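The values are calculated or read from the model by the stated rules, or taken from the named source; none is laboratory data. Computed from a predicted structure; not experimentally measured. Methodologically, a virtual Cβ is constructed for each residue, glycine included, from the backbone with ideal geometry; neighbour enumeration extends over all protein chains shown. Ligands, DNA and RNA are excluded from the accessible area calculation, which covers all protein heavy atoms including side chains. Shrake-Rupley method; radii C 1.70, N 1.55, O 1.52, S 1.80 Å.
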Amino acid sequence: MPNLEHPAYPAATLLQLESLVPCRESQVSLLLSIFGERHHFSFPSIFIYGHTSSGKTYVMQTLLSTLQLPHVFVNCVECFTSRLLLEEILTQLQSCSPETEKTSQVHCDTFNDFVRLFKQAVATQELQDQTLYIVLDRAEQLREMEANILPAFLRLQELTDRNVTVILLSEIVWELFRPNTGCFEPFALYFPDYSIGHLQKILSQNHPPEYSADFYSAYINILLGVFYNVCRDLKELQHLAALNFSKYCEPVARGEANERDSRKLWKNIEPHLKKAMQTVYLREISSSQWEHLQRDDEELGQLKGLSAHTHVELPYYSKFLLIAAYLASYNPVRTDKRFFLKHHGKIRKTNFMKKHEKTSNHLLGPKPFPLDRLLAILYSIVDNRVAPTANIFSQITSLVTLQLLSTVGHNDQLDGPRYKCTVSLDFIRAVAR
């Protein structure tokens with residue numbers, strides 16, 4: 001008995017759609033209710049939001065393609081200006097109807113021109129008889145465009161007097177979209193994060209044909225047990241599952257274990273999953289390089305974590321800035337004079353210092369530090385004199401963008417910015433080499 005039911009679509013099509021969008025049946029069922037039948041006027045605008053990798057884009061693409069509904073799908077990051085966005089919509093609209101004369105390039109400078117050209121494009125009989133859907137992915141980029149773009153898209157059905165529905169896909173809530181002057185309120189639909197049971201079900205569908213479904217499901221269960229607390233991203237988990245499955249199968253392929261020897265399989269895969277934990281979200285090397293590293297068993301004693309491959313991509317002074325930031329985060333302020341001055345004099349170790357040095361600062365986590373302390377440590381560890389130029393400050397900003405440093409507090413604070421170093425000791429050792 002299918003979970004999706006709608007009188008306007010065949011049961012076989014709905015069953016196929018249900019198999020393509022697992023764990024999103026309730027959202028798809030609600031969307032089908034809002035869409036209605038093909039010739040019905042749907043809601044003028046729909047706002048779909050949720051965290052990254054919660055299935056928003058995939059569900060909309062699969063839903064519109066499987067039901068063969070006329071639609072235009074635009075990524076607002078690629079079309080980063082209003083002119084590019086409007087022209088891309090009109091260009092894709094030409095392919096929706098074979099009767100429309102196709103031109104090499106559509107020119108559209110203003111939204112008034114877009115409304116006029118849009119009416120001409122949907123004047124064909126095919127598009128007049130059914131709802132046209134315009135899907136704007138990464139819709140938060142609309143806030144960077146002209147002030148009239150977002151309100152106009154929300155009322156596009158009214159402005160064009162055509163059967164059209166605009167669907168906005170975003171990772172942020174609607175309250176961060178709403179203009180101060182007010183606008184038409186879209187229908188909001190939330191896509192929650194996948195639970196661990198949902199991820200288990202989705203990832204287990206990709207099992208290789210040469211192994212049983214139960215064997216691959218047990219592997220996914222082990223993978224989620226390791227990575228679920230630090231990573232909920234479905235795409236990242238799919239990548240990790242494909243990357244490490246060959247290592248999980250090695251004892252079975254060599255005949256040392258069967259598919260039910262979970263203990264032997266776990267002992268074989270455990271060190272490799274721990275090493276892969278260092279690379280979640282980073283993509284520091286390619287999949288082929290990672291597999292090559294796994295085959296180099298005789299070199300496992302060396303430090304060949306993936307973090308050792310990234311420091312070569314950093315500019316020269318960015319390496320020293322990162323090392324200085326790590327020292328500032330994990331060394332107390334009172335030790336700077338002892339570590340970084342050549343003639344600091346004799347420093348007496350007090351009972352206070354001995355008491356607090358028993359606890360490792362690595363267990364306490366990184367401490368925030370001001371910009372002037374970072375630069376002072378930088379000048380002391382670099383051999384030649386470094387001038388505080390705009391190049392140095394821009395590299396600090398780049399390290400924050402790469403999430404190797406993080407800012408603490410607000411950007412507009414008067415006493416200067418404060419930072420934390422977010423990299424691990426192994427990473428900084430690799431950079432220091």
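Every residue in the range 9-30 that is surrounded by 14 or more Cβ atoms within 10 Å (Cβ to Cβ) and either more than 25 Å from ASN206 (Cβ to Cβ) or aromatic (Phe, Trp, Tyr) (or both), please.
Passing the criteria: only TYR9.
Of all the residues that make up the range 1-32, how many are free of Cβ contacts under 8 Å to residues at least 12 places away in the same chain and in a helix (DSSP H, G or I)?
Count: 4.
Return the residue satisfying two criteria in turn: it lies in the range 201-222 and is farther than 16 Å from ILE269 by Cα and under 25 Å from the mean Cα position of the chain (by Cα), and of such residues it is surrounded by the most Cβ atoms within 10 Å (Cβ to Cβ).
LEU203
Would you confirm, using the coordinates I've provided, whether ALA12 is farther than 18 Å from THR131 by Cβ and either of a type in the set (A, V, I, L, M) or modelled with pLDDT of 95 or more (or both)?
yes
When you scan the range 45-55, how many residues do you find that are at pLDDT below 95 and either open to solvent by 30 Å² or more (accessible area, probe 1.4 Å) or of a type in the set (D, E, K, R) (or both)?
2
Working only within the range 375-396, note down all residues that are under 17 Å from VAL431 (Cβ atoms) and loosely packed, with under 11 Cβ neighbours inside 10 Å.
ASP383
Where the second residue is open to solvent by less than 50 Å² (accessible area, probe 1.4 Å) and the first is touching a residue at least 24 places away in the same chain (Cβ under 8 Å) and lies in the range 202-222, which pairs have Cβ atoms under 6 Å and are six or more apart or on separate chains?
ILE202/PRO22; LEU203/ILE220; LEU203/ALA241; TYR219/TYR248
I need the full set of residues from the range 145-156 which are aliphatic (A, V, I, L, M) and either open to solvent by 10 Å² or more (accessible area, probe 1.4 Å) or farther than 11 Å from ILE46 by Cα (or both), in order please.
MET145, ALA147, ILE149, LEU150, ALA152, LEU156
Given (1) touching a Pro at 6+ places or on another chain (Cβ under 8 Å); (2) open to solvent by 40 Å² or more (accessible area, probe 1.4 Å); (3) of a type outside the set (A, V, I, L, M, F, W, C), identify the lone condition not met by PRO186.
(2) is the only condition that PRO186 fails.
Quick one: which residue in LEU159, LEU136 is within 21 Å of ILE46 (Cβ to Cβ), over 24 Å from the mean Cα position of the chain (by Cα) and not basic (Lys, Arg)?
LEU159
Return the pairs, sorted by first residue and then second, in which the second residue is in a loop (DSSP other than H, G, I, E, B) and modelled with pLDDT of 90 or more, the first residue lies in the range 223-238 and is open to solvent by 30 Å² or more (accessible area, probe 1.4 Å), the beta carbons are less than 6 Å apart, and the residues are 6+ apart or on different chains.
ARG232/ASP193
Can we say PHE41 is surrounded by fewer than 20 Cβ atoms within 10 Å (Cβ to Cβ), part of a loop (DSSP other than H, G, I, E, B) and more than 24 Å from the chain's Cα centre (by Cα)?
The answer is yes for PHE41.
So how many residues does the range 122-141 have that are crowded, with 20+ Cβ neighbours inside 10 Å, in a helix (DSSP H, G or I) and modelled with pLDDT of 90 or more?
Residues that pass the stated criteria total 1.
So, of the residues in the range 95-110 that are open to solvent by less than 20 Å² (accessible area, probe 1.4 Å) and modelled with pLDDT of 70 or more, which turns out to be farthest from GLU146 (Cα to Cα)?
Among those residues, the one meeting the criterion is VAL106.
Could you tell me whether any residue of the range 169-181 is of a type outside the set (Asp, Glu), crowded, with 18+ Cβ neighbours inside 10 Å and at pLDDT below 95? Please lay out each step first, then the result.
Going through the range 169-181, the residues of a type outside the set (Asp, Glu) turn out to be 169-170, 172-174, 176-181.
This time we only want the ones that are crowded, with 18+ Cβ neighbours inside 10 Å, so: 169-170, 177.
Keeping just the survivors that are at pLDDT below 95 gives 177.
Taking every residue of the range 169-181 in turn, at least one turns out to be of a type outside the set (Asp, Glu), crowded, with 18+ Cβ neighbours inside 10 Å and at pLDDT below 95.
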